[in-house]
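Single-structure report; data block below.
The values are calculated or read from the model by the stated rules, or taken from the named source; none is laboratory data. What you are looking at is a predicted structure, and each value in this text was computed from that prediction instead of being measured. Please note: Cβ atoms are built from the backbone with ideal geometry, for glycine as well, and neighbour counts cover all protein chains shown. Note: accessible area is taken over every heavy atom of the protein model, side chains too, but ligands, DNA and RNA are not part of it. Shrake-Rupley method; radii C 1.70, N 1.55, O 1.52, S 1.80 Å.
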Amino acid sequence: MLTQSISSPALRPRHTYRLAVGSTFLLQGLCFSTWAARIPTVQQQMGLTDTELGGVLLAVPLGLVTSLPLTGWLVARFGSRLMAVLGVMLYALGLPLLALAASVPQLLAALVLFGVASNMANISVNTQAVGVEGLYGRSIMAKFHGVWSLAGFAGSAIGAFMIAHHVALLPHFLLMSGIVLLGLLVARPFLLPQDAPREADAPIFVLPDKSLLLLGVLAFCSLLCEGTMFDWSGVYFRKVVQAPTAQVGVGFAAFMSTMAAGRFIADWFTDRFGRTRTLMLSGFLEAAGLLLAVAFPGFVTATIGFMLVGLGVSSVVPLVYGAAGRSKTMSAGVALAAVSTVGFAGFLLGPPVIGLVAGATSLRVSFALIAVMGLVVALLARRVEE
């Protein structure tokens with residue numbers, strides 16, 4: 001049973017908080033997928049090679065890693081509600097900055113800020129989700145992440161539409177930024193007003209213990225795969241699959257659609273078959289999907305492969321975050337920050353590494369290497385407690 005994350009009685013019905021927090025997941029997902037869908041456009045406009053693009057994408061994890069201690073302190077000091085609002089707001093405002101970047105140095109600076117906003121939004125919004133789980137007394141984290149995935153699917157579909165109709169980056173990003181800010185304005189009053197109390201001398205950030213480290217490694221492997229799909233699926237379909245320009249985003253959309261669907265059934269599947277079997281199946285699906293797309297890079301086979309990858313990654317992070325939020329050794333917020341540090345290193349460091357490996361070999365080779373991460377998830381799943 002999850003513990004209550006709010007120290008005072010709920011002022012609103014719990015489904016109101018659930019809807020509001022789910023909305024912030026949606027808005028956060030729209031921000032990231034809007035950028036991810038147009039990465040091939042940015043690469044073409046700036047004339048970047050795969051290796052150069054990989055180096056540029058390192059700016060996002062740089063922003064995330066450098067802001068981790070600050071984000072932990074801000075959430076602990078001011079609460080996840082305020083920081084979720086600020087994080088998503090900065091995330092949305094970062095989109096036009098990316099579109100306005102006219103040179104590689106300007107793009108690097110904008111991506112660092114984008115990474116800072118991403119981290120702030122991620123930690124605070126997931127802390128809100130743990131609080132809502134406390135109100136329900138059961139795991140619903142996967143469904144929150146499912147909403148994020150739906151937003152990713154919507155953002156990729158909108159991006160594909162914009163590419164097909166030759167819409168420039170700035171009007172596209174300004175439109176999405178305005179939509180996110182409007183949604184945030186509506187959701188803000190209904191977010192959880194208070195986090196679980198934290199002892200005055202409790203650390204804001206700690207290294208994960210053995211059990212949390214295992215969860216972090218699982219998140220790292222799966223998020224490395226997920227980050228690769230976000231940042232490189234469009235490039236893979238353009239260069240390897242050689243899809244028509246209007247269909248470059250199909251692979252990303254296929255990945256996002258099955259990831260979203262998987263997250264809406266993950267809680268039921270886990271209850272029925274157990275956490276260990278769910279994680280094992282997830283890892284095997286990740287590996288199988290990537291290897292299918294690598295071995296048979298046709299349009300249909302690559303699309304099916306990306307769908308399998310989406311289904312595979314769908315349950316890993318929600319299961320890991322839910323387990324971290326129920327840690328018996330530290331508070332939910334601190335545990336989430338510790339596990340997120342390990343996990344999101346994979347999400348944000350993976351794509352640049354893909355670029356470096358692709359530059360030295362090929363995209364197909366780099367995608368095959370990422371398939372190994374799925375096998376690691378399947379093997380380590382046996383050590384996770386039910």
Exercise. Longest exposed-loop-site-free stretch of the chain, with trypsin sites (Lys or Arg not before Pro), DSSP loop and at most 14 other Cβ within 10 Å?
Worked result: 139-327
Exercise. Among A266, A295, A358, which one shows the biggest mean-square fluctuation in a GNM of the chain, springs joining Cα atoms closer than 10 Å?
Worked result: A295
For this session: Just name one of L70, L86, V248: the one whose Cα is farthest towards the positive end of the charge dipole of the chain (beta-carbon charges, Lys/Arg +1, Asp/Glu -1).
Result: L86
For this session: With an 8 Å cut-off on Cα pairs and a minimum separation of 6 or more residues, tell me the relative contact order of segment 62-167 in percent.
Result: 33
For this session: Would you mind classifying segment 270-374 by shape? Square roots of the alpha carbon gyration tensor eigenvalues, ordered a ≥ b ≥ c; an a/c under 1.5 is rounded, otherwise it is prolate if a/b is larger than b/c and oblate if not.
Result: oblate
For this session: Quote to one decimal, in nm, the extra length available between L185 and Q242 on full extension: 0.36 nm per residue of separation minus the C-alpha distance between them.
Result: 16.4 nm
For this session: Take the solvent-accessible surface of the protein heavy atoms, probe 1.4 Å, and return the percent of it on the chain that carbon and sulfur atoms account for.
Result: 69
Exercise. FRET efficiency for V365 and K328, Cβ-Cβ distance as r, R0 = 41 Å, nearest 0.05?
Worked result: 0.45
Exercise. Hey, if you put +1 on the Cβ of every Lys and Arg and -1 on every Asp and Glu Cβ in the chain, which of G134, F306, F296 ends up farthest toward the positive end of that dipole?
Worked result: G134
Problem set entry | Computed E for V167/R383 - FRET, C-beta separation, R0 45 angstrom, nearest 0.05 | 0.40
Exercise. What FRET efficiency do you get for L356 and Y136 if R0 is 25 Å and r is their Cβ-Cβ distance, rounded to the nearest 0.05?
Worked result: 0.05
For this session: If a/c stays under 1.5 just call it rounded; otherwise compare a/b with b/c (prolate if a/b is bigger, oblate if not). Do that for segment 12-97, with a ≥ b ≥ c from the square roots of the Cα gyration tensor eigenvalues.
Result: oblate
Problem set entry | Partner lysines for K328 [C-alpha distance under 27 Å; skip if fewer than 8 residues away on the same chain] | K143, K210
Seminar exercise, completed: Given (1) 31, 24, 19; (2) 40, 22, 18; (3) 36, 23, 20 as possible values of semi-axes √(5λ) of the Cα gyration tensor in Å, the one from the coordinates is (1)
Exercise. What is segment 92-170 by shape, rounded, prolate or oblate, if you read a ≥ b ≥ c off the alpha carbon gyration tensor as root eigenvalues and call it rounded for a/c under 1.5, prolate for a/b larger than b/c, and oblate otherwise?
Worked result: oblate
For this session: Give the relative contact order (percent, whole number) for the chain; include only Cα pairs under 8 Å separated by 6+ residues.
Result: 26
Problem set entry | Potential lengthening between F296 and R277 on full extension [0.36 nm per residue; Cα-Cα distance subtracted] | 4.0 nm
Problem set entry | Distance (nanometres) between label positions extended 7 Å along Cα→Cβ at A102 and K210 | 5.8
